[in-house]
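One structure below.
Every number here is computed from the coordinates shown, using simple stated rules; none is lab data. Because the structure is predicted, anything quoted here is derived from the model rather than measured.
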Amino acid sequence: MNGISNEAFVLGLSAVGAGIAMIAGLGPGIGQGYAAGKAVEAVGRQPEAKGDIIQVLLMGAAVAETTGIYSLLIAILLLFVRPLLGGL
């Protein structure tokens, strides 16, 4: 039976998995934009609390950004390191 080889199948699915992992990069971008908008509104309402608001905003942005970094790391591993080929 002429079909696709196991290696080609795994490489194709690794590329699909990397693409799906990079979709996770959209969430942090949208969330950080939303949080920044709400922080600007909060500073507009209470300018005296600017330091506290910015501190919380930056901490939240840092936590959210790790999701994008992890998804990038997974995509790079799937595309270039190819850990799934070891099982063939």
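Computed values, structure above
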item: Backbone HN-Hα couplings from phi across region 39-44 [Karplus 6.51/-1.76/1.60, Hz, Gly and Pro as x]; result: 5, 5, 4, 5, 5, x
item: Once the Cα gyration tensor of the chain is diagonalised, semi-axes √(5λ) in Å; result: 44, 11, 5
